[in-house]
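Q: What follows is a single structure, and I will ask about it in a moment.
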Amino acid sequence: MVVILLGAPGVGKGTQAVRLADSNGAVHVSTGDLLRAARREGTELGRKAQSYMDAGELVPDDLILGLVREHLAGLPEGADILFDGFPRTIAQAQGLDTVLSDSGFGVGMVVLFEAPDEVLVKRLAGRRSCPECGSVYNVHFDPPAEEGICDRCGAKLVHRADDSPETVQRRLEVYKEQTAPLIEHYEGHDAEMVRIDADRSFDAVYEEFRQAVVGARA
Ligand code: AMP
């Protein structure tokens, strides 16, 4: 099944996706992680994406759709997929439908994670990310066992440049302007839509998220 995780930056959808993918074998596809990997590797896409990412703006739809198409082609056929941070515009959602229908699939479920802006800002300020495996921690609420080191793969954690307060404000505006319209878009779509209150403990959110996805596959 293809599941889309929708929600503002900092709402915790990436952390939830990593946990669920670890437990049920689904593939976690984060366009943010793929772009950061492209930047580290110095590819043409990475160079093109850099200025948009650093400013908290969206990378153009054609670059993102090309990236997703290429990544999906490398996955096992019929894999369960958790899309995190994609789609982010209506054009990306339409492009995804086209890519999936080419291989006989569709979006099965959309999970919308919701939390107030002040919670998102606080979480992003304390967020530490693993540049290698995509795991996400928070120095206040969910620290790694050893300070600054990823529990999962041992890499050194970073505070992403785009998690700085000024860029965070812009990313939240961009979410409201360009990504939030996807909520209405998916309400009129065949996919089931589930809303989760993400302003709770990680475990409480995870339990609801896991049950929604596992229940839909049963
Ligand atoms: P994220 O890790 O999902 O917060 O993404 C970090 C940054 O990568 C975003 O602020 C955008 O600049 C870029 N990005 C990630 N995913 C997308 C997407 N689907 N469409 C456009 N830009 C994206």
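The values are calculated or read from the model by the stated rules, or taken from the named source; none is laboratory data. Just so it is clear, the model here is predicted, and its values are computed rather than measured. Reconstructed Cβ throughout: ideal geometry from the backbone, glycine too, with neighbour counts over all protein chains shown. To get the accessible areas, we keep the full protein, side chains included, count just its heavy atoms, and leave off ligands, DNA and RNA. Shrake-Rupley method; radii C 1.70, N 1.55, O 1.52, S 1.80 Å.
Q: Among the residues of the stretch 68-89, how many are free of Cβ contacts under 8 Å to residues at least 60 places away in the same chain and away from the ligand (no atom under 11 Å from the Cβ)?
A: Let us first name the residues in the stretch 68-89 that are free of Cβ contacts under 8 Å to residues at least 60 places away in the same chain, namely 68-79.
Still in the list and also away from the ligand (no atom under 11 Å from the Cβ): 69-79.
Summing the residues that are free of Cβ contacts under 8 Å to residues at least 60 places away in the same chain and away from the ligand (no atom under 11 Å from the Cβ) in the stretch 68-89 gives 11.
Q: Check the stretch 50-67 and report whether any residue there is crowded, with 19+ Cβ neighbours inside 10 Å and more than 11 Å from the ligand (Cβ to nearest atom).
A: Within the stretch 50-67, none of the residues are crowded, with 19+ Cβ neighbours inside 10 Å and more than 11 Å from the ligand (Cβ to nearest atom).
Q: Select from the stretch 91-115 the residues that are in contact with a Leu (Cβ under 8 Å, 6 or more places away or on another chain) and either part of a strand (DSSP E or B) or closer than 21 Å to residue 214 by Cβ (or both) and list them in ascending order.
A: Selection gives 106, 107, 110, 111, 112, 113.
Q: While we're here: Being more than 10 Å from the ligand (Cβ to nearest atom), within 15 Å of residue 131 (Cα to Cα) and of a type in the set (Asp, Glu) is the filter here, so list the residues in the stretch 26-49 that pass it.
A: Within the stretch 26-49, just 41 meets the criteria.
Q: May I ask you to list the residues in the stretch 193-212 that are free of Cβ contacts under 8 Å to residues at least 24 places away in the same chain, closer than 18 Å to residue 21 by Cα and of a type in the set (Gly, Ala, Ser)? Quick ask: steps written out before the conclusion?
A: As a first pass, look at the stretch 193-212 and keep what is free of Cβ contacts under 8 Å to residues at least 24 places away in the same chain: 200-201, 203-204, 207-208, 211.
In the following step, the residues that additionally are closer than 18 Å to residue 21 by Cα were identified as 203-204, 207-208, 211.
Result: 204, single match.
Q: Got a number for residues in the stretch 179-203 being open to solvent by less than 40 Å² (accessible area, probe 1.4 Å) and either more than 16 Å from the ligand (Cβ to nearest atom) or not in a helix (DSSP H, G or I) (or both)? Spell out how you get there, then give the answer.
A: Restricting attention to the stretch 179-203, the residues satisfying the condition of being open to solvent by less than 40 Å² (accessible area, probe 1.4 Å) are 179-180, 182-183, 186, 191, 194, 196, 198.
With either more than 16 Å from the ligand (Cβ to nearest atom) or not in a helix (DSSP H, G or I) (or both) added as a condition, the list becomes 180, 191, 194, 196, 198.
Number of matching residues: 5.
Q: Out of the stretch 160-178, which residues are among the hydrophobic types (A, V, I, L, M, F, W, C) and either within 9 Å of the ligand (Cβ to nearest atom) or not in a helix (DSSP H, G or I) (or both)?
A: 174
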